1. Just to check I understand the Karplus step: with θ = phi - 60° and J = 6.51 cos²θ - 1.76 cosθ + 1.60, what whole-Hz values come out for the range 328-340, glycine and proline as x?
2. From the square roots a ≥ b ≥ c of the eigenvalues of the alpha-carbon gyration tensor of the range 1-98, which class results: rounded (a/c under 1.5), prolate (a/b over b/c), or oblate?
3. Among 245, 273, 201, pick out the residue whose Cα is farthest towards the positive end of the charge dipole of the range 107-282, where Lys and Arg carry +1 and Asp and Glu carry -1 on C-beta, about the Cα centre.
4. Once the Cα atoms of helix 183-192 and of the chain are each reduced to a long axis, what angle between those two axes, in degrees from 0 to 90 to the nearest 10, is obtained?
5. Please give the net charge around residue 398, taking every other residue with its beta carbon less than 15 angstrom from that of residue 398, where Lys and Arg add +1 and Asp and Glu add -1.
6. Helix-derived [θ] at 222 nm for the chain: sum -39500 (n - 2.57) over DSSP H runs of at least 4, divide by residue count, nearest 500?
7. Eight or more residues apart or on different chains, and alpha-carbon atoms under 27 Å: count the Lys pairs in the chain matching that.
8. Counting other C-beta atoms within 10 Å, which of 62, 215 has the fewest, and how do the rest follow?
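Only the coordinates and a few stated rules stand behind these numbers; no lab work does. All values derive from a computational prediction rather than experimental measurement. Positions of Cβ are generated from backbone atoms using ideal geometry, with glycine treated the same way; all protein chains shown enter the neighbour counts.
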Amino acid sequence: MTLPGAPYLARDAGELRLEGHSLAELAARFGTPLYVYSRSAMRDAFQAYERALQGRRHLVCYAMKANSSLAVLQTFVQAGAGFDIVSGGELARVLAAGGDASRVVFSGVGKTRAEMRQALQAGVRCFNVESASELDTLNAEALALGCRAPVSLRVNPDVDAGTHPYISTGLKGNKFGIAHDQAVAAYRHAAALPGLHVQGIDCHIGSQITQLAPYLDALDRLLDLVEEVEAAGIPIHHVDVGGGLGITYTDEMPPAASEMVRALLQKLDTRGHGHRELLFEPGRSLVGNAGVLVTEVLVLKPGQVDDGGKNFCIVDAAMNDLMRPALYEAWMRIEPCVQRAGVVPHTWDVVGPVCESGDWLGRDRRLAVECGDKLAVLSAGAYGMAMASNYNTRPRAAEVMVDGSRVHLIREREDVRSLFAGERLL
């Protein structure tokens, strides 16, 4: 059986290992719940984009909302990545990790004036603007600072990415971007504002996309607009095709990054736009299969299955540690860190201790486990720690990065006292 995250994640003599490091041993050393990441897997995923774009003007901007831990950002800084951010806090993280603001694109539907000022003063490469009113606000802030804001308009191409409705962003019913039929007027407005400098065009149609067709449809619609906008006398210097490429959680077969890039470049060339700089904003495809969440079995609670009951495997990780199953009903593979001989497998719902019926990590999983065993939730590098919370006053997990023979603790486990350190009694 090939595991998501291969070749860096593999089973050796019954033990699950990431870059050769036993997950069970890491759990014993650092405690659970524990996020563990492969640095090599992240670098390799990034290099797949870079190799495919060799010889073309481009910038691959890591969409850091997928995983914003400083050591993860540092890995991509050192690899030569740019960054796609959606908040002032994310900009601060990029800079703290050694990133360069001139390689940052600032997306998001609701940027505050303070965030705009912060980004202008830092010197971000471009603002991906998502509404006409945002153009006016950004213009005012730029003029107040005595500068011009570089802008790209995020266009909503009304393309169905065929993904979960919560992570679909390119349909006319979504909150994101400027409607396709309003885009030319928005560009005319932007070009007329003295505090703005039009740089490019942008779209992002969703996440966990496993087919090429939606990308090609969206690019066709973007290029139609580029031609209309330039016919109106407004130059477009770059085309940003966003991110959203899916990964394998179970049996999905998304295209490789190289395949997607090759198809998009061919489309650009065919339509006479091969000279344009191309931007990408991958997130999940860079980090998703580079990480796992390790958790300990606390309680095995058999039910009366014949009467419609469930067998519950209660672990110490919960929806506050990994929100995807509860939020999206996402399926994520769950594997024992050490395969047990002589233990009869049963079908379990793997659930956490949080006081919600929605607190589950996996349903109907065939597992041979006993109390105290460690389980690994695979493909947890994206939207795991980044979405973690302190619900039920639960400290967030520790994080570890493995890098060849080295193991780095990149985030200490939170202390309960720190969770209410900023609060005050009356």
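1. 10, 6, 6, 8, 10, 5, 10, 10, x, 5, 10, 6, 9
2. Oblate.
3. Toward the positive end, the furthest listed residue is 201.
4. Tilt of helix 183-192: around 60 degrees.
5. Every neighbour counted, the sum reads -2.
6. -8500 deg cm²/dmol
7. Final tally of qualifying lysine pairs is 9.
8. 215, 62
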